[in-house]
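The values are calculated or read from the model by the stated rules, or taken from the named source; none is laboratory data. Not measured: the values here are computed from a predicted model. Note: ideal-geometry Cβ built from the backbone for every residue, glycine included; neighbour counts use all protein chains shown. The area values use the complete protein model at the heavy-atom level, side chains included, leaving out ligands, DNA and RNA. Shrake-Rupley method; radii C 1.70, N 1.55, O 1.52, S 1.80 Å.
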Amino acid sequence: MSGENVNEPRIGVFVCHCGSNIAGTVDVEAVTQFAATLPNVVYVKRNRYTCSDPGQEEIRKGIEEYKLNRVVVAACSPRMHEPTFRRCVGEAGLNPFLFEMANIREHCSWVHSGPGATEKAKEVVAMAVAKARYLHPLKTITVPVTRQALVIGGGIAGMNAALNLADMGIKVYVVEKRPTIGGHMAQLDKTFPTLDCSICIEGPVMVDVYRHPNIELISYAEVKEVAGFVGNFKVKVEKKPRYVLQDKCTGCGECATGGTETPGCPIEVPNEFDMQLGPRKAIYVPFGQAVPLVYTIDRDHCIECYKCVDACGARAAIDFEMKPEEIELNVGTIIVATGYEIYVPSEKNLFGYGQYDNVITALELERLINAAGPTGGEVVRMSDGKMPRRVAFIQCVGSRDVNLHEYCSGFCCMYALKNSVLMKQHHPETEIYIFFMDIRAPFKGFEEFYRRAREMGVTFIRGKPVEIREDLETKNLLLRAEDIDIGAPVEVEAEMVVLSTAAEPGPDAEKLARTLNITRGPDGFFLESHPKLKPIDTATEGIFLAGSAQAPKDIPYSVSQGTGAAARAGRILSRDVWDIEPIVAHVDPEKCRNPKAKCGICVTKCPFVAIQAPPGEAARVNEAMCHGCGTCVADCPHDAITQRHFTDQQIMEQVRAALAEKPEEKILGFLCNWCSYAGADLAGTSRFEYPPNVRIIRVMCSGRVDKDFVSEAFRLGAGMVIVTGCHPQDCHYISGNHRMKERMDIHARILNKLGISPERFQIHYFSAAEGGPFSQEMKKLTQTVTDLGVERIKAENEKARPILEKMLKRKVEAAAPVEAK
Amino acid sequence: MSPLRQMKYEDEEKLNLERAMYRRKHSLVASKSLCTGCGICEVACPKEAIELVPREKEQETREGQPPFIDVDSEKCNFCGICDLLCPFGAIEATVDGEHALSVVDSESFPKIVRDIRIRVDRCDPGCTLCVDACPLNIVEVRHPEPGATRPELVIDEKKCNLCGLCTELSDSIEIVDNRLQSKGDYDEYDLSVEVCPQDALSINEVPKKPSINVVEERCPTCRWCEVACPTGAIQVRKAFSGTIHVHQEKCPEGCKLCLEACPVEAIYLREDGKVDVDENFCVYCGACPKVCPEEEALKVKMRGILHTPVKSGAWNKALEKLTSTTVLTQELRAKSAAKLLEAVKNRTP
């Protein structure tokens, strides 16, 4: 413990006007005066802008002059300025964790009006002061940093991330699933809006990656296991057997095509790289510029005639006995650049795809128009091999469609324009029709390109075709649509139809998310830590996102993000040690029952495998691996685990402060930091009003919410208790919300038996984007409380109280503050 | 990933498998009438894509009816090995509509050698015994009209100075071992006869020969035609060798299912009402045990296949699966002996 006397709190409360944001609704003076009456508060002050430099100076001055050892700032959301104020109190010599925020802006002044707002603000401050009284100084945990990085995925984003890190002098491993790096960009013909040849500009980058002394390329391999934490990840990579020795293969290709005297591989297989439109051999490189230029045997199709072995001859590069190889890597950071897959509408037969020969996807068109593609660059029809003279593009196939993918894939408008321009350039007589909803051309040079397409005579029709029919004889396609711009039906007979299909997360995204302990959004793409301010970070420290793995992106955006991810990773890798937030779980070995009873419950509850409970010993938390969700804390049947900065006692005090007055009218909510609390913040930012009887306690994860908190709330007479988490699949701690649900479902049944009406204890899920739904729900819940009536609630509580008190006996007895290191 | 444009459809006559790419279409067609359900392809397929299935799925399967094949479109890689090995020519692999076998072109797989020698000059006028004998109806004989003649080239070797002018004008004349030779009996010599500067060529009218045509790719080389021919005009070397045993004591009373299933009529009914095999005609295809209701009553084992020379792992594997490891070892030993012999020959000029 530091020299501060933490047993005698001297609390300073700083109430912020936030201009008129708070002061316009809340009587700040009244709140300040009220704060002064709270126990242990020795100093109060109000500021116009507490976060401003003079505002922060006030805090530093207060700490110095009044010997404050706890600071409460009543202002905006802690998600906004907690780091700012922590730094501020730290500068004044106070431990940064002796600071607490009272959110009287997003959760009060922006969503309430009238005297209720001021009353709530007072209680929110009281809750913060109550918690502050029991805050402990915490020491930041430091971990060593391995100065190596892993990049998963060798597309244009991953390659740029790798090159940037390698240039900083950091050893980088690039793991690529396919036999070659290059990703989707290698498949494209030209790039918009400059019409650069895609592989011509990407090829040299691929070679740079291969040749860079600091980069080790592990191609045809997959990440199998990831353990460890920021600065210290242990990664298991499985290298699939190519059956060709990388160091001996010269890339000559005689095994596939045959040499002067030896025949080559007899088996032809559709080439995945060519979207299965053209053949490759069973021993192959996906395309000529592949890196590494090493052949691979496709054993699914190989008939083992060993003609390739004969053709390879003295080079002896082929080894049919090759086995999968496991490689273990130690890295400090991981960059996920696994990209996207193109949506293929074959299952739904959208617009006749898979049913009519001359309906293709845009990526298939890319391969056809590409001179290295299966037709040598000629766009021809599948049905008769003839060049189409009238081509229709249909936009937003699978994108912007609530039944498939709600999001806009972003680059489809531009590639459709690009392909139209290319086709017009090759054969100016080709008629082109683009059926679109909106043309989105917002970045540099895009609008100009759109104009160019229009000037070249591309016809734009606003409206999605409602019908597509194939002429059985000509195999032409008859499209019927309503042109919204002219308000009339249009019919086009196209000789070829190109579907601009959505980009969607790859099939392995789910597995990888589980391996890496990172989250995915409802769209299936990997989720960033903050959509605005941390668009590259994941919720797991040390793991970053680049390129289309996060959301569909075009090439420059992917390159930028790859470079950005390198900067974020470099920020960690350039240091010898890294600081970790110390809000981790801690086991009290005295209380832990594992030495005697082989309990181990915490081990099974931890989503991060951070707890070990060897037989006969007390459970131990690996602090560096602990993400601080608190699930184990809530689930420990003996209260032997505590979460630093979110201790049982701190939260209990918040509960008590929140329910000090008129508890029967109140709704007490436990909100998780990442989704629900952020959703409530958004309700504030969006000014979605709701009644002021809601009291919110922030926990990092809904998994932290102990049954005892709920019991205590009802013991104190709460009208309603809600626990809210991220949506079931979106937990930032993988499964904390599932654990909460399991626990609370049981507890709800107990409360029910005790006579508490079921509607008085509810579980909800709000995402960070659901400000509106949050506000709506609060209104509905308040109505429920009102409908039940104070009298009934009181009666129910009265009936349940004796048993609740019995259940909480040990909590109340163990009121002594937990010592912190 | 785009889906494969792969199609599989079946009608009364055949099973059709197609894999279409831009500028390349692979297909595999199995004929229901030609397939005997012997199962050679099932065993030999390197990808285990072929399975024997009851012939008429929708109708009640008649007991003892030979099965047909089903091809798994997920597993088939259109290599054509089944086409090559089918003794009855029931399967055809094509690329872009042309019968094409890349495994043969790349020497990855041999062809079955169907050594059928026909000497029409020995044919008796009007004789069609071979046609009648063929159990598969793949022999066709055409006898000329009585008295019909054909032109025959007569070469006066004393006059010929091998100038070669005639060979340029006619595909049917060639120079072999410093001698002019006519490849056959044709009508188109007129011009070459006339231009010969040495007057060495003349035409002689001779009686027209009959023609015998055997659809080779469908011939399992059972030798019925050879045995039926009284003059030795057809000679067939068996492509398949092996052993077959009927254990009559195990045959169910009055069962003739194998007899009905045998595609080459090598099984016959003895006087005591039991079935037996005439090994002269058996091709060891294995169609009979497939319909035999008793497990132990019929034993067929293939021991060897006459094939074009090839060095290939795929063939070794197929041979091993179809016959036995012993046979494979023998073949490999023979091959290495031949190689050794060749090496010795090369060393001693």
Would you please list the contacts, defined by Cβ atoms under 6 Å and residues six or more apart or on different chains, that run from a residue in the range A:613-631 that is on the phi > 0 side of the Ramachandran plot to a residue that is open to solvent by 50 Å² or more (accessible area, probe 1.4 Å) and of a type outside the set (A, V, I, L, M, F, W, C)? A:Gly616/A:Pro595
Within the range A:246-285, the residues that are at positive phi and free of Cβ contacts under 8 Å to residues at least 24 places away in the same chain are A:Gln276
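To keep it simple, each residue is scored yes or no on (1) in contact with a Gly (Cβ under 7 Å, 6 or more places away or on another chain); (2) over 26 Å from A:Asn737 (Cβ atoms); (3) at pLDDT 95 or above.
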position: A:Ile572; (1), (2), (3): yes, yes, yes
position: A:Val584; (1), (2), (3): yes, no, no
position: A:Pro595; (1), (2), (3): yes, yes, no
position: A:Lys598; (1), (2), (3): no, yes, no
position: A:Pro607; (1), (2), (3): yes, no, no
position: A:Pro615; (1), (2), (3): no, yes, no
position: A:Ala618; (1), (2), (3): no, yes, no
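Is it the case that A:Cys408 is in contact with a Lys or Arg (Cβ under 6 Å, 6 or more places away or on another chain) and more than 14 Å from chain B (Cβ to nearest Cβ)?
Judged against the criteria, A:Cys408 is a match.
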Residue check for A:Asp639: in a loop (DSSP other than H, G, I, E, B), charged (D, E, K, R), touching a residue at least 60 places away in the same chain (Cβ under 8 Å) and open to solvent by 10 Å² or more (accessible area, probe 1.4 Å): yes
Inspect all residues belonging to the range A:270-281 and state whether any of them is in contact with a strand residue (DSSP E or B) (Cβ under 8 Å, 6 or more places away or on another chain), assigned to a loop (DSSP other than H, G, I, E, B), more than 8 Å from chain B (Cβ to nearest Cβ) and open to solvent by less than 20 Å² (accessible area, probe 1.4 Å). yes
Just to be sure, is A:Gly385 small (Gly, Ala, Ser), at pLDDT below 95 and touching a Leu at 6+ places or on another chain (Cβ under 8 Å)? no
Would you pick out the residues in the range A:703-713 that are touching a Pro at 6+ places or on another chain (Cβ under 9 Å) and either without any contact (Cβ under 8 Å) to a residue 24 or more places away in the chain or farther than 8 Å from A:Leu668 by Cα (or both)? A:Gly703
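This table checks each residue for (1) assigned to a loop (DSSP other than H, G, I, E, B); (2) modelled with pLDDT under 95; (3) open to solvent by 10 Å² or more (accessible area, probe 1.4 Å).
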position: A:Ala121; (1), (2), (3): no, no, no
position: A:Val125; (1), (2), (3): no, no, no
position: A:Thr146; (1), (2), (3): yes, no, yes
position: A:Asn164; (1), (2), (3): no, no, yes
For the structure I just gave you, tell me whether A:Gly288 is more than 14 Å from chain B (Cβ to nearest Cβ), in a loop (DSSP other than H, G, I, E, B) and at positive phi. no
If you check A:Val577, A:Val587, which single one turns out to be among the β-branched types (Val, Ile, Thr) and either within 18 Å of A:Cys731 (Cβ to Cβ) or open to solvent by less than 50 Å² (accessible area, probe 1.4 Å) (or both)? A:Val587
Within the range A:208-246, the count of residues that are assigned to a strand (DSSP E or B) and over 20 Å from A:Lys511 (Cβ atoms) comes to 6
Give the residue that is surrounded by the fewest Cβ atoms within 10 Å (Cβ to Cβ), with candidates limited to residues of the range A:309-337 that are β-branched (Val, Ile, Thr) and over 24 Å from the mean Cα position of the chain (by Cα). A:Ile327
Can you name the condition, by its number, that B:Val103 falls short on among (1) open to solvent by 30 Å² or more (accessible area, probe 1.4 Å); (2) of a type outside the set (Lys, Arg); (3) in a helix (DSSP H, G or I)? (1)
Scan the range B:91-100 and tell me whether some residue there is open to solvent by less than 40 Å² (accessible area, probe 1.4 Å) and free of Cβ contacts under 8 Å to residues at least 40 places away in the same chain. yes
Does at least one position in the range B:141-149 carry a residue that is more than 14 Å from chain A (Cβ to nearest Cβ), out of contact with any His (no Cβ under 7 Å at 6 or more places or on another chain), surrounded by fewer than 16 Cβ atoms within 10 Å (Cβ to Cβ) and part of a strand (DSSP E or B)? yes
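Return yes when A:Lys418 is open to solvent by 30 Å² or more (accessible area, probe 1.4 Å), farther than 22 Å from A:Ile468 by Cβ and of a type in the set (Lys, Arg) and no when it is not.
It is false that A:Lys418 is open to solvent by 30 Å² or more (accessible area, probe 1.4 Å), farther than 22 Å from A:Ile468 by Cβ and of a type in the set (Lys, Arg).
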Residue, most open to solvent (accessible area, probe 1.4 Å), within the range A:741-772, restricted to residues that are among the acidic types (Asp, Glu) and part of a helix (DSSP H, G or I): A:Glu742
Name the residue that is farthest from the other protein chains (Cβ to nearest Cβ), counting only residues in the range A:338-372 that are in a loop (DSSP other than H, G, I, E, B) and open to solvent by less than 10 Å² (accessible area, probe 1.4 Å). A:Asn358
Counting only strands (runs of 3 or more DSSP E) entirely within the range A:414-486, those with at least 1 residues that are in contact (Cβ under 8 Å) with a residue 40 or more places away in the chain are A:431-436, A:467-470, A:477-483
Take the range A:386-406 and flag every residue that is more than 14 Å from A:Lys464 (Cβ to Cβ) and open to solvent by 40 Å² or more (accessible area, probe 1.4 Å). A:Lys386, A:Met387, A:Arg389, A:Arg390, A:Glu406
Taking A:Gly19 and the conditions (1) in a loop (DSSP other than H, G, I, E, B); (2) touching a Ser or Thr at 6+ places or on another chain (Cβ under 9 Å); (3) surrounded by fewer than 20 Cβ atoms within 10 Å (Cβ to Cβ), which numbered condition does it fall short on, given that it satisfies the others? (2)
Considering residues of the range A:1-16 that are surrounded by 11 or more Cβ atoms within 10 Å (Cβ to Cβ) and polar (S, T, N, Q) only, the residue modelled with the lowest pLDDT: A:Ser2
In the set A:Thr250, A:Thr180, which member is assigned to a loop (DSSP other than H, G, I, E, B), more than 14 Å from every other protein chain (Cβ to nearest Cβ) and open to solvent by 50 Å² or more (accessible area, probe 1.4 Å)? A:Thr250
Of all residues in the range A:569-600, which are without any contact (Cβ under 8 Å) to a residue 60 or more places away in the chain and part of a helix (DSSP H, G or I)? A:Arg571, A:Asn594, A:Pro595, A:Lys596, A:Ala597
Quick one: how many residues across the range A:57-92 are more than 22 Å from A:Ile583 (Cα to Cα) and open to solvent by 30 Å² or more (accessible area, probe 1.4 Å)? 8
Which of the residues belonging to the range A:291-307 are at the interface with chain B (Cβ under 7 Å from one of its Cβ atoms) and either surrounded by fewer than 23 Cβ atoms within 10 Å (Cβ to Cβ) or within 29 Å of A:Cys200 (Cβ to Cβ) (or both)? A:Glu304, A:Tyr306
